[in-house]
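Below you'll find the structure, written out as structure tokens, and then a few comments.
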Amino acid sequence: MTERKPTGMSSESWVERQIREATEAGEFDNLPGRGRPLPGLNQPYDENWWIRRKMEREGISTDALLPTPLKLRKEILDLPASVRPLRSEKAVREVVGELNKRIMNHLRVPSGPDVPVRPVDADAVVEQWKADRAAKRAAAQPAVPTEKPRSSRWWHRLFALGVV
């Protein structure tokens, strides 16, 4: 614990004396990050730096800070990718139905900026899902060769080997 500042001594000289004594005692040796530049030193000042750093440390997406209509728009844009791994049409329709329910709740009681959001057409999403699955299956099947490889004559093989 540090001692109290003596009366009659300026705060600056008292702090400087404590720093000098700690340096001489080696208390600043072997600190983590010693010899490395300070993170974010050359970046412009951001008043919300602590929020960003906390979110990075906790693994929270910045999408959580978006207003409701922008979150919904982002979910609509990401919908094809989020339903792609689903195995049944029923599951796809359930995901779309849940999203549409949240969109309708927002439309009844709007909040945030005035961003147009409409319910998603479940049939169109299902059709896109089916097309993606068909394309994935077609890409997974091995290609069938259309033409037989030409056999070379025995003297061509000898010439290629350098015997002739």
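A few comments on the model shown:
- Of the residues Phe28, Phe159, the one with the largest accessible area comes first in the ranking Phe159, Phe28, computed with a 1.4 Å probe on protein heavy atoms.
- Among Ala25, Ala134, Ala122, residue whose mean-square fluctuation peaks in a GNM of the chain (springs only between Cα atoms under 10 Å): Ala25
- Rounded accessible area of Thr68 (nearest 10 Å², 1.4 Å probe): 60
- Aspartates and glutamates whose Cα lies under 15 Å from that of Lys71, excluding same-chain neighbours fewer than 8 positions away: Asp63, Glu98, Asp114
- Restricting the calculation to Cα atoms, region 1-85 yields a radius of gyration followed by a Dmax of 23.9, 74 Å.
- Computed over the Cα atoms of the chain, pair by distinct pair, the Kirkwood hydrodynamic radius stands at 24.5 angstrom.
- Entry comment: accessible area of the chain is 88 Å² per residue, from protein heavy atoms only and a probe of 1.4 Å.
- Within the accessible area of the chain (1.4 Å probe), percent carbon and sulfur: 56
- Relative counts (whole %) of C-alpha pair distances in region 53-146, using bins that are 5 Å wide: 2, 12, 19, 16, 14, 13, 11, 6, 3, 2, 1, 1, 0
The values are calculated or read from the model by the stated rules, or taken from the named source; none is laboratory data. Because the structure is a prediction, the values reported are computed rather than measured. Areas reflect the complete protein model, heavy atoms only, side chains present, ligands, DNA and RNA absent. Shrake-Rupley method; radii C 1.70, N 1.55, O 1.52, S 1.80 Å.
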